[in-house]
1. Before I look further, what does segment 347-409 give for accessible area per residue, probe 1.4 Å, in whole square angstrom?
2. What are the residues whose amide H is under 5 Å from the amide H of L409, where those residues sit 5 or more places off or on another chain and H is modelled from the backbone?
3. Mind listing the phi-derived Karplus ³J(HN,Hα) values for segment 87-92, rounded to whole Hz, using 6.51, -1.76 and 1.60 with θ = phi - 60°, and x for any glycine or proline?
4. Could you tell me the accessible area of H25 in Å² (1.4 Å probe, neighbours in place), rounded to the nearest ten?
5. Can you give me the long-range amide H partners of S72? Hydrogens built in the peptide plane at 1.01 Å from N, cutoff under 5 Å, separation of 5 or more residues or another chain.
6. With r as the distance between the Cβ atoms of S250 and T297 and R0 = 35 Å, compute the FRET efficiency 1/(1 + (r/R0)^6) and round to 0.05.
7. Which value, in debye to the nearest 20, gives the size of the charge dipole of the chain about its Cα centre, when Lys and Arg are +1 and Asp and Glu are -1 at the Cβ?
8. Whenever you get a sec, compute what percent of the accessible area on segment 306-454 sits on carbon and sulfur atoms (1.4 Å probe).
Amino acid sequence: MTGTQVGQVSADLPRSRQVSENQCHMCMPIGAVAVFKGIENAMVLVHGSQGCSTYMRLANVEHYNEPVDIASSSLNEKQAIYGGEANLRKAMDNVIRVYQPVVLGILTTCLSETMGEDLERIVSSYVQENGITHISIIPINTPSYSGSQSEGFWAATRGVIAYCARPTLPHQRINVIVPHISPADIREIKRILDYAGLSYTLIPDYSMTLDRPYEGRYLKIAPGGTSVNEIAEMPGSPVTIQFGSTCPNSLSPGLFLKEKFGVPLINLPLPIGLKNTDLFVEAITKISGQPVPDALTLERGWLLDGMADSHKFNAEGRPVIYGEPELVYAFATLCAENGAAPVVIASGTTNSLIATCLAPLIETADEPPVILEGADIAAIEEAALKTGSNIAIGHSGGKSLTERHDIPLVRIGFPIHDRTGGQRILSAGYRGTLAFLDRFTNTLLETKYATYRQKIKEEYCNTEGI
Ligand code: SF4
């Protein structure tokens with residue numbers, strides 16, 4: 001295995017199947033749902049069958065452990081033949097009556113896209129005929145057969161900004177655009193921005209809507225999220241920081257703001273890992289003109305201390321890293337800077353810049369990793385076995401790596417459906433990086449102490465039991 005192939009699966013891996021086997025990614029509208037949950041007073045409606053919205057609700061509820069309402073236009077066989085416009089209109093009537101949202105996101109599905117539903121036309125004629133001026137109804141095309149949740153997330157973030165943004169007088173609030181990360185990571189990024197004394201518009205902000213303190217009552221729309229007024233004013237911002245180094249240009253919200261409104265764009269990797277967090281802190285201190293806050297200097301020092309403590313164990317790690325491109329890239333660089341060189345780096349997404357981003361890491365690696373794009377979990381398992389991986393980093397979809405092959409899994413990303421607390425997994429910033437690093441190193445140590453007696457026996461004792 002040469003180890004640098006980019007494609008569905010490395011060329012010398014046996015390709016015994018012609019279909020996807022245990023997908024590594026989730027469906028495109030799921031990513032878009034998270035975006036609308038991060039907009040203030042927003043509700044989301046999926047134009048498709050009830051099964052689509054049920055699947056999306058289930059995946060989100062299991063991960064975030066919160067009520068996640070997603071409406072459906074309930075298409076069935078009849079609408080598949082005669083069209084779903086009447087259903088969608090009725091669904092919009094019902095959602096507006098019951099939820100009274102300020103923003104209503106309408107997402108397509110495999111079915112409505114295949115039917116050729118003209119979402120833009122249906123929504124604009126519905127708005128005109130009903131004289132709707134107080135609700136932003138935002139249609140987003142999310143054909144799941146042509147994209148993953150990652151692309152759905154970027155498409156919806158860009159779509160919301162494109163719909164709401166207006167030419168605005170210059171102001172001092174910077175734009176911050178985040179990818180599909182945990183609510184805990186969003187809170188950490190906001191905490192770092194607050195330390196730097198910057199005012200900002202962060203989108204999408206589901207840090208409070210998808211991870212709420214206990215209140216003992218159900219809320220139709222949870223408070224929190226980015227306000228439409230702030231989104232409208234994003235064009236007046238002095239700069240956009242986007243954590244989207246792997247985001248393709250065609251989906252990039254930050255690039256849209258730059259090209260349409262001239263807002264300068266600083267496109268960074270996620271602040272996960274020492275170097276990546278340094279890049280973020282350097283950017284915000286440059287913008288603020290202030291020195292690095294003492295609290296962040298301390299946290300960086302603790303991270304360095306932790307890296308020194310754990311590096312002697314990490315060198316034994318041969319991680320397979322998989323999931324959404326932005327997370328995968330951040331964790332690959334984190335592992336590399338901690339001496340655990342990744343052996344497989346994989347994503348279920350095909351449309352990303354991950355291979356370009358990873359080029360420097362591959363060039364300098366003693367043993368170049370296998371890179372898989374558009375991969376399913378079966379292909380990742382094959383690559384992990386061939387490369388002798390001994391630890392995995394990714395979402396719950398790859399739990400078969402542990403169940404079938406005894407490769408322990410450090411869970412990050414979406415979805416986490418077989419453990420509790422997916423919404424609280426913290427990996428961003430110096431604090432988050434250190435928390436992850438401890439989990440990673442301790443997972444290696446756990447395997448080591450559980451298996452070393454057996455390994456010694458296998459290595460030094462002969463078959464007569466000596
Ligand atoms: S949009 Fe497509 S992939 Fe997603 S749940 Fe519906 S049918 Fe399945």
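1. Each residue of segment 347-409 exposes 37 Å² on average to a 1.4 Å probe.
2. Under 5 Å from the amide H of L409 lie the amide H atoms of A392, each far enough along the sequence or on another chain.
3. Coupling constants for segment 87-92: 4, 5, 4, 5, 5, 5 Hz.
4. Around 40 Å² of this residue is reachable by solvent.
5. Under 5 Å from the amide H of S72 lie the amide H atoms of V46, each far enough along the sequence or on another chain.
6. The pair T297/S250 has a calculated efficiency of 0.35.
7. So the magnitude is around 740 debye.
8. Numbers: 2910 of 5520 Å².
Result for segment 306-454: 53 percent of the exposed heavy-atom area is carbon or sulfur.
The values are calculated or read from the model by the stated rules, or taken from the named source; none is laboratory data. Since this is a predicted model, take the numbers as computed values, not measurements. Neighbour counts run over all protein chains shown; Cβ positions are idealised from the backbone, glycine included. Surface areas here come from the heavy atoms of the whole protein model, side chains and all, with no ligands, DNA or RNA. Shrake-Rupley method; radii C 1.70, N 1.55, O 1.52, S 1.80 Å.
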